[in-house]
Amino acid sequence: MPKIYEYLGILIFFYSNEHEPIHVHAKRGENEIRAEFTIVDGKIEKIILKQVKGRMPLSKSDIQNFRDFLEVYGDNIVEKWIQYFVLHKEIPFERVTKRLK
């Protein structure tokens, strides 16, 4: 499970056996949600948050913090997906300690 970011206590990661569409998981404690990226012509067109089967979703405030994070780091997440799943490279973990909004 490559952990890619931590933001305000929310762990943002991929599972090692991921599949398309490009997506990322966010977890705090036992609560989890995922964000799916729709990419058109190499640019993020839309990000949809979805519940993870068998998991309670993040709290409303954590979901908003995650949305804020995705607005700023969405392109970086897609790049990390490509680096890890397509190019089979290791990706560094980053802790973002400054509130983005």
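The values are calculated or read from the model by the stated rules, or taken from the named source; none is laboratory data. Note that the coordinates shown come from a computational prediction; the quantities given were computed from them, not determined experimentally. When we count neighbours, we look across all protein chains shown, and the Cβ atoms used for this are built from the backbone with ideal geometry, even at glycine.
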Inset, instruction - Report, ordered by the first and then the second residue, all pairs with beta carbons closer than 6 Å, sequence separation of six or more or different chains, a first member in the range 77-101 that is within 17 Å of residue 8 (Cα to Cα), and a second member that is assigned to a helix (DSSP H, G or I) and modelled with pLDDT of 95 or more. - result: 100/68; 100/72; 101/68
Inset, instruction - Would you confirm whether any residue within the range 55-73 is buried (at least 17 other Cβ atoms within 10 Å of the Cβ), under 14 Å from residue 2 (Cα atoms) and hydroxyl-bearing (Ser, Thr, Tyr)? - result: no
Legend entry - Hits in the range 81-101 (condition: in contact with a helix residue (DSSP H, G or I) (Cβ under 9 Å, 6 or more places away or on another chain) and within 21 Å of residue 19 (Cβ to Cβ)): 89, 90, 91
Inset, instruction - Can you tell me which residue within the range 64-94, out of those that are under 13 Å from the mean Cα position of the chain (by Cα) and among the charged types (D, E, K, R), is farthest from residue 49 (Cα to Cα)? - result: 94
Legend entry - Number of positions in the range 16-49 that are touching a strand residue (DSSP E or B) at 6+ places or on another chain (Cβ under 7 Å), not aliphatic (A, V, I, L, M) and not in a strand (DSSP E or B): 1
Legend entry - Count of the range 12-50 residues which are within 11 Å of the chain's Cα centre (by Cα) and closer than 18 Å to residue 95 by Cα: 7
